[in-house]
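Taking it in order: structure first as structure tokens, then the write-up.
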Ligand code: 13P
Ligand code: SF4
């Protein structure tokens, strides 16, 4: 506890010295969330990276999130305290594959989930996150949409759109593991609870859910909804904020095993070291960043 407090104080002092802001995703470990200036979902963190007034952004999340921050804030220094924190789903589609898809479907728009590399974003027309995927697809004038890389999010969007959605076969190794049997078992254990899940879940899990939201959407729904008990179908790190921000509500994980190991690679020591050494630094080659930014900016303009 003493060591934890010491690190906390050292990080606060360094933050001031470096004119730094700490952004953390909702899946980060509790102590990292507690030291952050903002904890949020991918969309909230992207907006913050674009608008915050500071010299340095310490991104506590995975690589594509830090890359997005670097693309949106080319003048700021973006640090990723755990440089090996990646998103396996983001590696499931390459820029070359997107170019081949474009050749095959020349009339289709390409929507890239923000969980992609900067190179893939650069080949896409527009990005989306789990919070705005339906709105982004509906904002396009094309009737055919290539959606990469998450097939589950693509199929979720297709429920609300008349457009022809062509899903790529990528998936999140954490969310794709939830099963209808998990939902049935959790409902049996907590019969009064609402089941709220992330749209990266499989369609057969979504069919059984009462609500589908981004990570921050899940928190908002649990905090402000009428219900008292919730079964949460996403990564377990979200329970930290739910515990802090939803007093009087009971939130149970759909599975205790829903852990994204990459999101757990950041700890307070690494945050402190990153601020001391001003590395590991995330940069994106200028030409890739320029094209990727067009796709991200188009997403941020969707109301
Ligand atoms: P959110 O944008 O909903 O926070 O999701 C990010 C993510 O990686 C989900 O697995
Ligand atoms: Fe990627 Fe899934 Fe981890 Fe989110 S939970 S960062 S989609 S592997």
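Couple of notes before you dig in:
- Sorting 260, 246, 86 from the fewest to the most surrounding beta carbons within 10 angstrom yields 86, 246, 260.
- When both bridge partners sit in the chain, DSSP labels roughly 5% of those beta bridges antiparallel.
- Mean-position separation - Cα centroids, the stretch 165-220 and the stretch 1-60, in angstrom: 28
- The distance between label points at residue 16 and residue 50 comes to 3.3 nm (points 7 Å beyond Cα on the Cα→Cβ vector).
- Note on the stretch 1-105: Cα convex hull, mean projected area over all directions, 8.0 nm².
- When 250, 168 are sorted by how many other C-beta atoms sit within 10 angstrom of their C-beta, beginning with the fewest, the order is 250, 168.
- Among 278, 101, 43, 254, the order by Cβ neighbours within 10 angstrom, fewest to most, reads 278, 101, 43, 254.
- Largest GNM mean-square fluctuation across 285, 88, 203, computed for the chain with C-alpha springs under 10 Å, falls on 285.
- Compactness of the chain as Cα Rg over 2.2 N^0.38 Å, two decimals: 0.99
- Highest-fluctuation residue, 289, 181, 109 considered, GNM on the chain with Cα pairs under 10 Å: 181
- Among 141, 25, 198, residue whose mean-square fluctuation peaks in a GNM of the chain (springs only between Cα atoms under 10 Å): 141
- Net length gained if the chain between residue 250 and residue 100 were fully extended (0.36 nm per residue, minus Cα distance): 49.3 nm
Bear in mind that the values in this text are calculations on the coordinates, not laboratory data. Predicted, not measured: the structure shown is a model, and the values here were computed from it. With ideal geometry, Cβ positions are generated from the backbone for all residues, glycine too; neighbour counts draw on all protein chains shown.
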